[in-house]
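J.: Starting off with a structure, shown below.
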Amino acid sequence: MEHVIFEASSCGVAVIGAGHAGLEAALASARMGVDTVLFTLSLESLGNMPCNPSIGGTGKGHLVFEIDALGGEMGKAADRNALQSRMLNLGKGPAVHSLRQQSDRRAYHHYMKVVCENTRNLRLIQAEIVSVEPVDGKYRVITRFGGAYVCENVVVCAGTYLNSNIVVGAVSYSAGPDHSYPACFLTQSLMKMGIEFRRFKTGTPARIHADSIHYELCEVQNGDDCPICFSDYTDRETFLKDGQKRCYVVYTNEKTHEIIRANIHRSPLYAGEIKSTGPRYCPSIEDKVMRFPDKERHQLFLEPMGKDTKEIYVQGLSSSLPEDMQNQVIHSIRGLEDALVMRTAYAIEYDCIDPTQLRPTLEFKDFPGLFGAGQFNGTSGYEEAACQGLIAGINAALRVLKKEPLVLTRESSYIGTLIDDLVTKGTNEPYRMMTSRCEYRLLLRQDNADRRLLEYGRRVGLIDDLRYRAKLDKFSAVDAEIERAENTYFPPSMQLNNLLISLGSQPVSCGIKLADLLRRPGIGYDSLASVDIDRPILSDEVLREAEIEIKYAGYIKRQKAQAEQFRKLEAKPLPTNLDYNAITGLRLEARQKLSQIRPENIGRASRISGVSPADISVLLIYLNMNER
């Protein structure tokens, strides 16, 4: 039977894939007033969490706060469907505090589907996209059924579906996450255009039945007593009003490790059957045991998948071992001796691109109007995907509207750092955001994400007037409280000194500023309430941000100076048509890398692997001579 291609429709932006990247891209574009179509292989997999049923975590929580500050949806969805909320790294400084929420997996999907179905300018269509073709400055997007959509811009958010292959022991077959339908044709279409691909791998642990766990043998992990939300849109009064679900902690042991070591030849990872690159920071359990032979045990977390399901996710037990071996491993763990495995763990291999082909806008350098986001760009994680989708969707819409693109820099955000890492350095493994990747962690905290990024969200039209005014009022309140703390003095008194001694701090013999008291270790607003009687009534959020700004004022000032120096390098543009081969003094490797990546400015050039400080000096001299 003849396969007929028919003209289905046209649109301003087409988004391919409705995972966490595709959702943010499509919602941003539609909310900016652009006619948008969101394609998904299955409406049942929209906003799916095939791996961890959680949002946030170390470094990742920062991304969610920034997505919310720009006007994205992930923070709202996470809050609405949260099962537990915990702030990680509280024993460390505020720069690395990271919020993590357990989510109801199915409720999260349902919430996102309802949001999409009720968003103006957005059409949600179940269809496999098999081809993207450049046509007269636009793109022709073709479905497997033959429908052709002419689009001004296309955002590819294919996740882990491109030529995806599931591996469990000796069993290997073509399938997407959760054994769903894979996307088998799009890679070939994009390769014909000249786009470079690579092969990555990820995996997901088993799910076990809640009633088969011996909880008396597990460690309890409760949520925070005063849980924090990701989004300002969330009603604090109703957030987690039904209580928080418990998580539990268990550990592998020598028996577990012996089972794995004795059967490592049956692991497709070690037998050479899996040749793609996996995530370094989320290894399989067999990889952990073999790479860290001296470690006596590995921590595992038992996490609920939802309110109305008995499925429990065993975080930390990712594996591609055969099913019988997985059962032996699970049953060797204290508390899981009788665990019923409902879903077997699996590894999944998939196609993704080399992200150095992209601009900082996430637009392909050689294909104007074609954008990439999420795991398609070589990243891992829902949060990394969502923030890229948001930026790609914003820039695709801005291009339709003929407005200047949005580019976030390293000193402005974790999102800017992530994108800069991808497009400048590339990645040879699934990229994961961590706080250590940011040079300016103290400036890029969770609590000030709104202050850093609100104006960007406002400029592109994703922050409404009501929220904008409320945020400005909050910023004013923080600034006023900092000023009050710097100008409020306490005379020496028995009450004050007794309080300080009880807090393990030195008493005072002369007057002292409130700000100086707050800078003392172990002292915060809560502990000074009995003496700071004139404090205005302020929200916890305002007091928290003011306290951090006061406590770390010296360090913050120093990092701001460093960021300003960095900005000067970023402000020094490099012509897009610069012939690096003609610049005398550049080393051969630097010429090749600079010609390939074509950085927009000196700052990005300095971060390219293979470009030395001496090469940057040569570039600066060359640019100065040309200016003269």
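The values are calculated or read from the model by the stated rules, or taken from the named source; none is laboratory data. Please read all numbers here as calculations on a predicted model, not as lab measurements. Here Cβ is always computed from backbone atoms with ideal geometry, including for glycine, and neighbour counts include all displayed protein chains. Quick note on the areas: whole protein, heavy atoms, side chains included, nothing else; ligands and nucleic acids left out. Shrake-Rupley method; radii C 1.70, N 1.55, O 1.52, S 1.80 Å.
J.: Of K307/K471; K255/K307; K60/K241; K60/K245; K471/K557, which sit over 28 Å apart, Cα to Cα? Present the calculation step by step, with values, prior to reporting the outcome.
T.: Working: K307/K471 33 Å; K255/K307 33 Å; K60/K241 25 Å; K60/K245 21 Å; K471/K557 23 Å.
Violating the 28 Å Cα-Cα cut-off are K307/K471; K255/K307.
J.: Given a 1.4 angstrom probe, what's the average accessible area per residue across the chain, in square angstrom?
T.: In whole numbers, the chain has 43 Å² accessible per residue.
J.: In addition: Might you work out the accessible area of L217 for me, using a 1.4 Å probe with all protein chains in place, and round it to the nearest 10 Å²?
T.: 60
J.: Filter the trypsin sites (Lys or Arg not before Pro) in the range 75-138 down to the DSSP loop ones having no more than 14 other Cβ atoms within 10 Å, then list what survives.
T.: Passing both the DSSP loop test and the Cβ count: K92, R120.
J.: If ligands, DNA and RNA are left out, what is the accessible area of H179 with a 1.4 Å probe, given in Å² to the nearest 10?
T.: 90
J.: If you don't mind, there's one more thing I want to ask. Listed here are the pairs K201/K425; K474/K513; K76/K403; which of them are more than 25 Å apart at the Cα?
T.: Details: K201/K425 20 Å; K474/K513 23 Å; K76/K403 28 Å.
Exceeds cut-off: K76/K403.
J.: Given a 1.4 Å probe and heavy atoms of the protein chains only, how would you sort H331, H97, largest accessible area at the top?
T.: Sorted descending by solvent-accessible area, the residues read H331, H97.
J.: Next question. Counting other Cβ atoms within 10 Å, keep those with at most 15, restrict to DSSP loop, and tell me which chymotrypsin sites (Phe, Trp or Tyr not before Pro) in the range 432-472 are left.
T.: none
J.: Would you tell me the accessible area of C282, worked out with a 1.4 angstrom probe on the heavy atoms of the protein chains, in Å² to the nearest 10?
T.: For C282, the solvent-accessible surface is approximately 70 Å².
J.: Next up: Just the number, please: carbon plus sulfur as a percent of the accessible area of the chain, 1.4 Å probe, no ligands or DNA/RNA counted. Each step should come with its number before you reach the end.
T.: Numbers: 13780 of 26870 Å².
Carbon with sulfur: 51 percent of the solvent-accessible area.
J.: Let me ask something else. State to the nearest 20 debye the size of the charge dipole of the range 36-82 about its Cα centre, where the only charges are +1 on K and R beta carbons and -1 on D and E beta carbons. Don't skip to the end; give the middle numbers.
T.: Details: 3 positive and 5 negative charges, 13 e Å.
The calculated dipole for the range 36-82 is roughly 60 debye.
J.: Mind listing P(r) for the range 338-435? All alpha-carbon pairs, 10 Å bins, whole percents.
T.: Binned Cα distances yield the sequence 15, 46, 23, 9, 5, 1, 0.
J.: Can you tell me the alpha carbon radius of gyration of the range 145-263 divided by the globular rule-of-thumb value 2.2 N^0.38 Å?
T.: Relative to the 2.2 N^0.38 Å estimate, the range 145-263 comes out at 1.65.
J.: Let me ask something additional. So how many Å³ per residue does the convex hull of the Cα atoms of the chain work out to?
T.: Enclosed volume per residue, from the Cα hull, is 195 Å³.
J.: What is the dipole size for the chain, taken about its Cα centre, with +1 at each Lys and Arg Cβ and -1 at each Asp and Glu Cβ, in debye to the nearest 20?
T.: The calculation lands at about 1300 debye.
J.: Something else now. How far is it, in nm, from the label point at C184 to the one at F145 when both lie 7 Å from their Cα along the line to the Cβ?
T.: Once both label points are built, they end up 1.8 nm from each other.
J.: Same structure again: Each label point is 7 Å from the Cα along the Cα-to-Cβ direction; what then is the distance between the points at E273 and S595, in nm?
T.: Computed distance between label sites E273 and S595 equals 4.4 nm.
J.: Between the alpha-carbon centers of the range 173-248 and the range 376-446, tell me the distance in whole angstrom.
T.: One Cα centre to the other: 20 Å.
J.: To one decimal place, what orientation-averaged projected area in nm² is obtained for the convex hull of the Cα set of the range 238-347?
T.: Result: 8.2 nm².
J.: When only DSSP loop residues count, what chymotrypsin sites (Phe, Trp or Tyr not before Pro) in the range 541-582 have their Cβ near at most 13 other Cβ atoms within 10 Å?
T.: Here no loop site has a sparse enough neighbourhood.
J.: Rounded to whole Å and sorted largest first, list the principal axis extents of the Cα atoms in the range 465-557.
T.: Answer, in whole Å and largest first: 49, 28, 20 Å.
J.: For K310, K557, give me the order by solvent-accessible area with a 1.4 Å probe, most accessible first, ignoring ligands, DNA and RNA.
T.: Final ranking, largest accessible area leading: K557, K310.
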